[in-house]
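Take a look at the structure below.
Laboratory data are not the source of any read-out in this text; all were calculated from the coordinates shown. Keep in mind it's a predicted model, so treat the numbers as computed, not measured. FYI the Cβ positions are ideal-geometry reconstructions off the backbone, even for glycines, and counts take in every protein chain you see.
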Amino acid sequence: MVLRRFKVRAHERGLLFRDREFKAVLRPGRHWVWDPLFKVRVDVVSVRDAWLAHPDLDVIAKSGALGDEARVVDLEDHERAVVWVDGRVEAVLKPGLFVLWTVFHAVRVEIFDAHAVRFEHPSLAVIAQAKGATPLLEAVTIEAGHAGLFFKDGRHEATLAAGAHAFWKGVAKARILDVDLREQVVDIAGQELMTADKVTLRLNAVVTFKVADPLKAVTIVDDYRQALYREAQLALRCTIGTRELDALLTDKDAVAREMDGVVRARVAPFGIEVVSLGIRDVILPGEMKDLMNKVSPTLMRLRELEVLEKVSEKANLTIVLGEKGLADRVVKLL
């Protein structure tokens with residue numbers, strides 16, 4: 001008679017195999033096993049470690065012999081799990097079979113359907129740092145003043161607010177577009193334009209805008225900043241082309257207001273809101289500058305003479321003009 005004795009301590013369990021087939025789990029204590037052919041094997045494992053690792057894990061898990069001393073987690077291809085041990089995140093699990101001892105540890109398992117792609121959890125920040133999370137989860141942070149557009153397989157699923165977000169990898173084609181919702185500035189610089197009186201000039205304008213509808217901004221046009229630039233450029237040409245140079249130089253604000261209205265109407269369908277539009281510089285060609293520099297003193301002189309004429313009509317004054325400017329004129333009261 002061949003009896004073999006095996007001792008299993010309190011923090012251990014014995015996995016009994018006979019002729020390489022799993023038969024039972026030995027609880028703490030002394031065990032005598034009939035083994036005339038020496039085909040019995042007992043693998044002693046510690047239950048202090050929450051995870052049971054064994055080459056025959058599938059047979060052991062599905063035998064039912066573990067009872068309530070272990071938690072069996074069997075994940076299908078579309079499933080993922082977050083494991084908590086003693087109130088702390090232990091790991092993020094991919095599809096597969098896992099066994100966790102519950103003898104010395106409080107084990108909690110949360111199972112998720114990865115078909116949803118987006119993963120939402122109150123403890124997202126901690127879970128994203130857990131063991132096994134990096135290959136399975138794509139973490140994304142949307143900064144303050146931004147919005148995140150979540151597309152799944154080419155369709156818009158959600159608009160994400162500022163904060164941390166995560167998505168399961170390898171399930172669907174997921175894409176996150178980060179859109180800045182803050183006020184932004186586009187410079188419309190060095191535009192060669194022609195006025196109604198055929199004067200060529202260069203004009204610099206500035207447009208302040210913000211994205212009012214991020215989904216429209218990224219789906220209706222390829223590049224909303226470029227679209228805004230193009231519409232502002234066209235509005236400049238149309239507005240300046242209907243005005244003579246003198247009217248432009250006299251009231252740039254009126255021109256800017258007209259352009260503002262035109263650009264607002266054109267970019268609103270793109271989800272863009274124009275905050276303000278202003279003309280910064282009007283640059284005349286060299287010959288025009290020279291001409292105006294010559295004409296301006298003459299115009300000033302004529303204006304001064306008009307003023308003096310009006311003054312002389314209302315007062316008994318004799319105006320004596322010398323060869324120099326007004327600073328050297330002599331005004332003699334009668």
Original post:
For the pair Val185 and Leu249, what calculated FRET efficiency results from E = 1/(1 + (r/R0)^6), where r is the Cβ-Cβ distance and R0 = 30 Å, to the nearest 0.05?
Top reply: 0.75
Subject >> Value of D in µm² per second that Stokes-Einstein yields for segment 184-284, Kirkwood Rh from Cα pairs, at 37 °C (0.692 mPa s) >> reply: 240 µm²/s
**OP:** Report the FRET efficiency, 1/(1 + (r/R0)^6), for Arg280 and Glu143, where r is their Cβ-Cβ distance and R0 is 30 Å, rounded to 0.05.
**Re:** 0.50
Subject >> Positive-end residue of Gly145, Thr134, Ala164, charge dipole of segment 117-180 with Cβ unit charges >> reply: Thr134
**OP:** Once you have the Cα-Cα distance between Arg202 and Asp178, take 0.36 nm times their residue separation minus that, and quote the gain in nm to one decimal.
**Re:** 5.1 nm
Subject >> Distance in nm between pseudo-label sites at Glu21 and Glu69 (7 Å out along the Cβ direction from Cα) >> reply: 2.2 nm
**OP:** Order these peptides, 104-115, 252-263, by their mean beta-carbon neighbour count within 10 angstrom, highest first.
**Re:** 252-263, 104-115
Original post:
What order do you get for 204-213, 154-163, 186-195 when each peptide is scored by the mean count of other beta carbon atoms within 10 Å, highest first?
Top reply: 204-213, 186-195, 154-163
**OP:** With the Cα gyration tensor of segment 53-148 in hand, give its eigenvalues times 5 under a square root as the equivalent ellipsoid semi-axes, listed largest first in whole angstrom.
**Re:** 30, 15, 10
Original post:
Could you give the alpha-carbon Rg of segment 163-238 over 2.2 N^0.38 Å, rounded to two decimals?
Top reply: 1.62
Subject >> Label-point separation, Ala162 to Leu37 (7 Å along Cα→Cβ), nm >> reply: 7.3 nm
Subject >> Length added when fully stretched, Arg88-Ile111, from 0.36 nm per residue minus Cα-Cα >> reply: 6.7 nm
**OP:** Give me the aspartates and glutamates in straight-line cross-link reach of Lys131: C-alpha distance below 16 Å, same-chain residues under 8 apart excluded.
**Re:** Asp49, Asp86, Glu90, Glu110
**OP:** Calculate the length of the line joining the C-alpha centroid of segment 180-215 to that of segment 2-59, in whole Å.
**Re:** 79 Å
Original post:
Direction-averaged shadow area of the convex hull around the Cα atoms of segment 117-180, nm²?
Top reply: 4.2 nm²
Original post:
In cubic angstrom, how much convex hull volume per residue do the alpha carbon atoms of segment 1-108 span?
Top reply: 89 Å³
